[in-house]
1. Within region 35-66, count every residue that is under 22 Å from N128 (Cβ atoms) and crowded, with 16+ Cβ neighbours inside 10 Å.
2. Please work out which one of (1) in a helix (DSSP H, G or I); (2) touching a Gly at 6+ places or on another chain (Cβ under 8 Å); (3) within 14 Å of the ligand (Cβ to nearest atom) is the condition K359 fails and give its number.
3. Being over 18 Å from F338 (Cα atoms) and outside any helix (DSSP H, G or I) is the filter; apply it to region 221-245 and report the residue that is nearest to the ligand (Cβ to nearest atom).
4. Tell me, yes or no, whether region 340-348 has at least one residue that is surrounded by 15 or more Cβ atoms within 10 Å (Cβ to Cβ), within 23 Å of the chain's Cα centre (by Cα) and not in a helix (DSSP H, G or I).
5. What pairs come up if the first residue lies in region 206-229 and is of a type in the set (F, W, Y), the second is within 12 Å of the ligand (Cβ to nearest atom), and their beta carbons are under 7 Å apart, counting only those six or more places apart or on different chains?
6. Which of (1) within 16 Å of the ligand (Cβ to nearest atom); (2) within 23 Å of L174 (Cβ to Cβ) does H319 not meet, given it meets every other one?
Amino acid sequence: MSRIFINYRRLDTEGYVGRLYDHLLKQFKPHDIFMDVQNIEPGADFVEVLEDAVASCDIFLAVIGPHWGSLKNEAGERRLDEWNDFVRIELESALKQSKVVIPVLVGGARMPNPSILPESIQSLSRRNAITLSHSRFATDVEDLIKFMRDMLPSHPTFKRKANPAVLAEKEEKLKQVRMDLINAKDSPLYDFRVQQRYYPVIGEGYADANIMIVGESPGKKEAASGKPFVGPSGDVLDEMLASVELARSDVFLSNIVLDRTPDNRDPNTEELDYYGVFLDRLIEIIQPRVIVTLGRFSMVYILRKFNLREKNGKISQLHGTLIKTEAHYGDLHVMPMFHPAVVLYNPTKRDVLQQDFEKLTIFI
Ligand code: URA
């Protein structure tokens, strides 16, 4: 089932749609996104084929560029009014089937006035639109994805079904940790952060997630943006998450050290001890059912924190194993994994990491 249907006019928005597709692929699988009806069999009723394609989606994105409503065929007739205009037929079908139709405005386009639309699709004008601006494209797409994630029927156990009040309380507590971290002048990395104009990276994701992922320490890109895993390791991580149908917004992502270390060197004991207190607070707030550690520093910290038998083990032996323990709030599992950066140096490790991620599916 293609969950997201992208409806667009090639001549109007092909470039934007390509960009949008690339961004969506970071969060969804290719088979979740349906863009072009291909291979309509000879003899098939193309309207029925288009209707079937639309029927199988959950969300219909109507991408509208500046020429969406005005493009004409060689005879001077508006494409939108042609009897066989795929764009209009798909839209009619989505509206008739009461799909979630989201107009996505690109290239400075405005929402079309109903008076210029064929009657069968006039209700499109009443749908609230999302604008993807040129300068904020990535951020705007992120907002769109967030909205779609909330709309899409997700696996019931992806996210803990939090009481909204509990979720709000957790988000509030996370804000407090963030403030404390920003003001952590006694941190061994505070001066370096300020000199370099970096941000601390507390982490991000769902405040009531079942799965918490703990990496090592922010890299340059992370420290420059304040967001975890936005560099090359983050691309590998996104790929791994997507392979088990998880999005960043389903998990909580953080690190054992929450500031960048000079020259990206390994964290030292003082730093691990200092930031460990912050990580403990995050775990206490989120109360995950599984903690995935990426790399040996976070593995050792977590195995020691819970005083697990495996605490002196090597990552080469422990990766992909599910280690059961108890937290004061209930059962907890720890799953050590290799750090995604390993794949960047040694592509043969991609399969190993992938197989370890697959073991997470028992939680999702
Ligand atoms: N980015 C992070 O946020 N953490 C890592 O461990 C590596 C890159």
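Read-outs throughout are calculated quantities, based only on the coordinates presented, and are distinct from any laboratory measurement. It should be emphasised that the depicted structure is a prediction, and the values quoted were computed from it without experimental measurement. Positions of Cβ are backbone-derived with ideal geometry, glycine not excepted, and every protein chain shown enters the neighbour counts.
1. Qualifying residue count, region 35-66: 10.
2. (3)
3. Here the residue is K227.
4. yes
5. So the pair list comes out as F229/G215; F229/E222; F229/L237; F229/L253.
6. (2)
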